[in-house]
Amino acid sequence: MPSIGMSTPMGVRMNHRGLRALRPEDSVTARALRILPAYSAYRKTYALLRESQGWSREDLATYQARALSRLLDHAYENVPYYRRVFQERGLVPEDIRTPDDLALLPILTREDLQANLPDLKARNYPESAFEYVTTGGSTGIPVGFYYEKGVSRAREWAFMKTQWDRVGYRFTDRCVVLRGYIIGSAKDGVYWKKTLGGRWLLMSSHHMTEETLPDYIDRIRRFKPRFIQAYPSVATILARYMREHGIEPIPTVKAVLCGSENLYPWQRDLLTEVFGCRVFSWYGNSEQTVLAGECEESTHYHIFPEYGIVELIGRDGRPVEGAGAMGEVVATNLTNFVCPLIRYRTMDVAVRGRDPCTCGRAYPILERVEGRLQEFIVTKNRRFVSMTAVNMHSDIFDNVAQFQFHQEKEGEALLRIVKKPGYGDRDTERILRELDRKFDGGVDVTVRFVDEIPRTRRGKYQFLIQELPLDQWGISV
């Protein structure tokens, strides 16, 4: 819900024309060599997306089929792992003519990726073209893979800019960024810094406390941002403080841009209430296999067919059909040729939506993203309950500063709670009663009070630590 390790453009430093921001000491020649590939990739991708968002479903299907054909031809000729996969199954690229034919190929798991990474590198690219990237390991399996140096991030930024265009984002807009940054220290009391020529204010997510939040809010208000870009869990800290202290919305903020984590309904409600503006969410992953975002008229996720091919696979290992059907996201990236990931198992779960949207785009729709498999609690009868169903925006949690579930055994869960000063036994009783209703009596919840709940090394809050092997969701690999 996103990789957050969901997808993010933060790795690319762009100026207002979309050019990579470079160090002053770089020579003219070095600047030219670095700018040209990145800017060209950004410009071409952005121009394509501006046009293709108006294409018909048939036009998008034709584009996607051609892109898939190019990818498979390339993988067969230049990527040892896929040459081996095709040969083992007696296939050639021409046997796969449409996205539906991808079922002839096996699913690529995280374990497969790690075990075969050297053979997943395309042999027709120089070593200088490879940028090694790792995920945060939020599923328990850290993953390494390759981007095309400069180009992959520039192309990603073109997709992100296209999404943000829908809520009016411009390169010249001021933006507060509340993600996983560690900035400043308690010693100097400054937990933020400006970047991108002063247009972005990066704020530390690791120093947000009851004592420092008034300074954060004052600095944001004085910065006058038009947008706030944030991990949902970090924006929630700010929003809860503002609501509890009766702090008025920041009038310049036109939208809150949430990504790299799943945005739960209770978080969306809270952020909308406190900031008094649109909350815009997108879904992607660090592996760059899938990207989808909301539009001007809907909170459903519009999948970019130009970016990748998305399959939803049910627990029986078969594709799910029809609006409202839930399945695991298996995705094929269409743009990364240095390290192709074909039928990559994301371990994210989503619900198929009803398309097309009233916005006019003919993109396939996800009604919602339930999050990673690790964001499900398992009941006594092995029913999977998504954390999206646990509404922490209810007033029964008003005296809870922070919470975190921890599950090690089916049908049992530990709920860690950081209490507010007004917390009492009645709060515990009400919380347990509400959770028993949510879990339909299928989970025995034990409450434990703690002083704090640590964040991940990337500055995120995990609302659930799931230690059951939920990779056994049911997909056949």
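A few points about this structure:
- Entry comment: accessible area of the chain is 43 Å² per residue, from protein heavy atoms only and a probe of 1.4 Å.
- Cleavage-rule hits (GluC sites (Glu not before Pro)) in segment 149-240: DSSP loop, at most 10 neighbouring Cβ within 10 angstrom: E211
- Exceeding the 32 Å Cα-Cα cut-off - candidates K161/K420; K161/K224; K254/K409; K161/K193; K420/K460: K161/K420; K254/K409
- Surface composition of segment 232-303: carbon and sulfur atoms hold 52% of the protein heavy-atom accessible area at a 1.4 Å probe.
- Rounded to the nearest 500, the helix-only mean residue ellipticity at 222 nm of the chain stands at -8500 deg cm²/dmol, with each DSSP H run of n ≥ 4 adding -39,500 (n - 2.57).
- Summary of the geometry: segment 367-435 and segment 339-362, compared by the centres of their Cα atoms, lie 28 Å apart.
- Pairs of Cα atoms farther than 24 Å apart, segment 126-243, %: 41 percent
- Cα point-scatterer Debye curve for segment 394-469, base-10 log of I(q)/I(0) at q = 0.12, 0.13 Å⁻¹: -0.34, -0.40
- Compactness of the chain, taken as the C-alpha radius of gyration over 2.2 N^0.38 Å, stands at 0.99.
- Dimensionless Rg/Rh of segment 293-417 - Kirkwood Rh, Rg from C-alpha atoms: 1.04
- For K149, the aspartates and glutamates whose Cα falls under 12 Å of its own Cα, not counting residues fewer than eight places away in the same chain, are E127, E131.
- Both radii come from the Cα set of segment 49-88: Rg as radius of gyration, Rh as Kirkwood radius; their ratio Rg/Rh reads 1.20.
- Looking at segment 273-304, the GluC sites (Glu not before Pro) that sit in a DSSP loop and have at most 15 other Cβ atoms within 10 Å of their own Cβ are E296, E297.
The values are calculated or read from the model by the stated rules, or taken from the named source; none is laboratory data. On a predicted model such as this, the values are computed, not experimentally measured, just so you know. FYI the Cβ positions are ideal-geometry reconstructions off the backbone, even for glycines, and counts take in every protein chain you see. Each accessible area value is taken on the protein alone, full model and side chains, heavy atoms only, with ligands, DNA and RNA left out. Shrake-Rupley method; radii C 1.70, N 1.55, O 1.52, S 1.80 Å.
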